[in-house]
Amino acid sequence: MARLTKKGIWEGIIREFRDFLPEISDDAITTLKEGNTPLIEATNLRDIFGDIRLLLKYEGLNPTGSFKDRGMTMAVSKAREEGAKAVMCASTGNTSAAAAAYAAKAGMKAFVLVPEGQIALGKLSQAIMHGSLVLQIKGNFDEALRIVKEITKDYPVTLVNSINPYRIEGQKTAAFEVCEHLGHAPTYHFLPVGNAGNITAYWKGYKEYEAKGLISNLPKMMGFQAEGAAPIVVGHPIENPQTIATAIKIGNPASWEAAVAAKNESGGVIDAVTDDEIIEAYKLLAAREGVFCEPASAASVAGAIKMKKEGVLADGDTVVCTLTGHGLKDPDRAISSSAKPVKVAADIKKILKVMGF
Ligand code: AN7
């Protein structure tokens, strides 16, 4: 089961899941020991989920605070092996943070193209701190990705968005971890969907584990977009996507077809949740489960709540929701969606009164 080394030290996804990944020469491996994230039982939501077993795959605990690290260790290691000196991505934030960190570790240059004013503060600070060149465009993610594809076609810079197949390879390892933890695949796997790379990756991972006989069931893949940025749900690209979940503010996902295939092959769903439902799930997880994820991540749990209400989920089902990024990524949203701290004089009596004593 657990792929720990003799010393019990986690070596990062490339070394731990070597048998399932494209070969990479040892000296090119660039790792921050990503992966091995906890699968946390949601124990305080019985009033909503009843006898459904709900688990949270907390990908916010990766080195840069999101699931992107799994793909980025692969993409940057491969680029390094091929002799690349620089990588480039378009990003709603988390990809840029991961690209910047792994490029720094590899001694490579990173160029990141982001929509101006649309990147959560934590993510922007990471990209800057890790020394990438941050280029902010007056345009959205989809425009940024189009530009990055053009540039990386003609110049010696490796594209590390999830259209780089090594990204998907790395990200599929999260499905392996879920299977190893549970001893089987869940009944349902819920994910937020933006550029649709991650749902594609998980489905690939589950299928590979089944093909090797390591699991005997496959989950239904349940992808959730934000209502104002739900191109797959409405069936056409969205010119001007809108949602408070900036990570998934994407109108023309690169892995659209693969995501639809994952849904169809697994008998799952790709649906939308409103910003209000996302914020409700975001606050619920933090306040009742002690798990702080970013708004986009909460789309998975918002989706599970919606499916429970619609009678899709049944008692006894095992439901895994991936929480793709850490809540600290977006402190502005956390503060603006919560009660303000109470201002009080530095006086014990006054403090006790506010405390209710
Ligand atoms: C927290 O960083 O696309 O469907 O440029 O940051 O695989 O795109 C981020 C996506 C979900 C959606 N949750 O995953 C980027 C970027 C979080 C994210 C998604 C993203 P995909």
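The values are calculated or read from the model by the stated rules, or taken from the named source; none is laboratory data. Owing to the predicted nature of the structure, the values given are computational and were not obtained by experimental measurement. Every residue, glycine among them, receives a Cβ derived from its backbone with ideal geometry; neighbour counts consider all protein chains shown.
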- Task: Return yes when I199 is within 16 Å of the ligand (Cβ to nearest atom), of a type outside the set (F, W, Y), over 30 Å from D19 (Cβ atoms) and crowded, with 17+ Cβ neighbours inside 10 Å and no when it is not.
- Result: no
- segment 269-302, residues that are farther than 20 Å from K172 by Cβ, outside any helix (DSSP H, G or I) and within 11 Å of the ligand (Cβ to nearest atom): C293, E294
- Do we find that G93 is in contact (Cβ under 8 Å) with a residue 24 or more places away in the chain, under 19 Å from P295 (Cβ atoms) and either touching a Gly at 6+ places or on another chain (Cβ under 9 Å) or away from the ligand (no atom under 13 Å from the Cβ) (or both) in this structure? yes
- Query: For segment 103-121, how many residues are within 11 Å of the ligand (Cβ to nearest atom) and crowded, with 20+ Cβ neighbours inside 10 Å?
  - Reply: 6
- Query: Can you name the residue in segment 23-71 that is among the basic types (K, R) and over 20 Å from A286 (Cα atoms) and, of all such residues, is surrounded by the most Cβ atoms within 10 Å (Cβ to Cβ)?
  - Reply: K68
- Message: I'd like to verify a number: residues in segment 14-39 that are assigned to a loop (DSSP other than H, G, I, E, B) and touching a strand residue (DSSP E or B) at 6+ places or on another chain (Cβ under 9 Å), how many?
- Response: 2
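To keep it simple, each residue is scored yes or no on (1) over 18 Å from the mean Cα position of the chain (by Cα); (2) over 29 Å from E116 (Cα atoms); (3) among the basic types (K, R).
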position	(1), (2), (3)
G12	no, yes, no
E16	yes, yes, no
I24	yes, yes, no
T30	yes, yes, no
L39	no, yes, no
L55	no, yes, no
E82	yes, yes, no
A86	yes, no, no
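Test of understanding: among V344, V320, which residue is β-branched (V, I, T), buried (at least 23 other Cβ atoms within 10 Å of the Cβ), touching a helix residue (DSSP H, G or I) at 6+ places or on another chain (Cβ under 7 Å) and not in a helix (DSSP H, G or I)? Break it down into steps so the answer makes sense when it comes.
Values: V344 fails: buried (at least 23 other Cβ atoms within 10 Å of the Cβ).
Of V344, V320, the one residue that is β-branched (V, I, T), buried (at least 23 other Cβ atoms within 10 Å of the Cβ), touching a helix residue (DSSP H, G or I) at 6+ places or on another chain (Cβ under 7 Å) and not in a helix (DSSP H, G or I) is V320.
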- Being over 19 Å from the mean Cα position of the chain (by Cα), modelled with pLDDT of 95 or more and within 14 Å of the ligand (Cβ to nearest atom), is that true of even one residue in segment 228-235? yes
- Query: Got at least one residue in segment 255-268 being under 16 Å from Y188 (Cα atoms), more than 14 Å from the ligand (Cβ to nearest atom) and buried (at least 19 other Cβ atoms within 10 Å of the Cβ)?
  - Reply: yes
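For residues in segment 1-16 being out of contact with any helix residue (DSSP H, G or I) (no Cβ under 9 Å at 6 or more places or on another chain) and modelled with pLDDT under 95, which is surrounded by the fewest Cβ atoms within 10 Å (Cβ to Cβ)? Walk me through how you get there before you give the answer.
Applying the first criterion (out of contact with any helix residue (DSSP H, G or I) (no Cβ under 9 Å at 6 or more places or on another chain)) to segment 1-16 yields 6-9, 11.
Okay, now just the ones that are also modelled with pLDDT under 95, so 6-9.
On the way: K6: 5, K7: 7, G8: 7, I9: 8.
Restricting to residues being out of contact with any helix residue (DSSP H, G or I) (no Cβ under 9 Å at 6 or more places or on another chain) and modelled with pLDDT under 95, the top hit is K6.
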- Condition broken by S77, with the remaining ones in (1) under 30 Å from D27 (Cβ atoms); (2) surrounded by fewer than 24 Cβ atoms within 10 Å (Cβ to Cβ); (3) under 21 Å from the mean Cα position of the chain (by Cα) satisfied: (2)
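Which residue, of E294, E289, E310, is crowded, with 24+ Cβ neighbours inside 10 Å, at pLDDT 95 or above and of a type in the set (D, E, K, R)?
Details: E289 fails: crowded, with 24+ Cβ neighbours inside 10 Å; E310 fails: crowded, with 24+ Cβ neighbours inside 10 Å.
Step by step, each of E294, E289, E310 is checked, and only E294 is crowded, with 24+ Cβ neighbours inside 10 Å, at pLDDT 95 or above and of a type in the set (D, E, K, R).
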- Message: Step by step: first the residues of segment 236-254, then only those that are under 27 Å from L328 (Cβ atoms), in a loop (DSSP other than H, G, I, E, B) and among the β-branched types (V, I, T), then the one that is nearest to the ligand (Cβ to nearest atom). Which residue is that?
- Response: I250
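I'd like to verify a number: residues in segment 83-100 that are surrounded by fewer than 24 Cβ atoms within 10 Å (Cβ to Cβ) and under 16 Å from L32 (Cα atoms), how many? If you could, list the steps in order and put the result at the bottom.
Narrowing segment 83-100 to residues surrounded by fewer than 24 Cβ atoms within 10 Å (Cβ to Cβ): 83-86.
Subsequent filtering for residues that are under 16 Å from L32 (Cα atoms) retains none.
The total comes to 0.
Suppose the filter is at pLDDT 95 or above, within 21 Å of L55 (Cβ to Cβ) and surrounded by fewer than 23 Cβ atoms within 10 Å (Cβ to Cβ); does G356 pass it?
Numbers: at pLDDT 95 or above: yes; within 21 Å of L55 (Cβ to Cβ): no; surrounded by fewer than 23 Cβ atoms within 10 Å (Cβ to Cβ): yes.
No: the conditions fail for G356.
Table: residues versus (1) part of a helix (DSSP H, G or I); (2) in contact (Cβ under 8 Å) with a residue 40 or more places away in the chain.
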{"residue": "G122", "(1), (2)": "yes, yes"}
{"residue": "S125", "(1), (2)": "yes, no"}
{"residue": "G139", "(1), (2)": "no, no"}
{"residue": "V148", "(1), (2)": "yes, yes"}
{"residue": "P156", "(1), (2)": "no, yes"}
{"residue": "N161", "(1), (2)": "no, yes"}
{"residue": "G170", "(1), (2)": "yes, yes"}
{"residue": "A174", "(1), (2)": "yes, yes"}
{"residue": "C179", "(1), (2)": "yes, no"}
- Given (1) away from the ligand (no atom under 11 Å from the Cβ); (2) closer than 25 Å to K57 by Cβ; (3) touching a residue at least 40 places away in the same chain (Cβ under 8 Å), A100 misses just (3)
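In this structure, is L214 crowded, with 18+ Cβ neighbours inside 10 Å and either farther than 21 Å from I278 by Cβ or near the ligand (Cβ under 10 Å from one of its atoms) (or both)? Can you show your working first?
Values: crowded, with 18+ Cβ neighbours inside 10 Å: no; either farther than 21 Å from I278 by Cβ or near the ligand (Cβ under 10 Å from one of its atoms) (or both): yes.
Considered against the rule, which asks whether it is crowded, with 18+ Cβ neighbours inside 10 Å and either farther than 21 Å from I278 by Cβ or near the ligand (Cβ under 10 Å from one of its atoms) (or both), L214 comes out as no.
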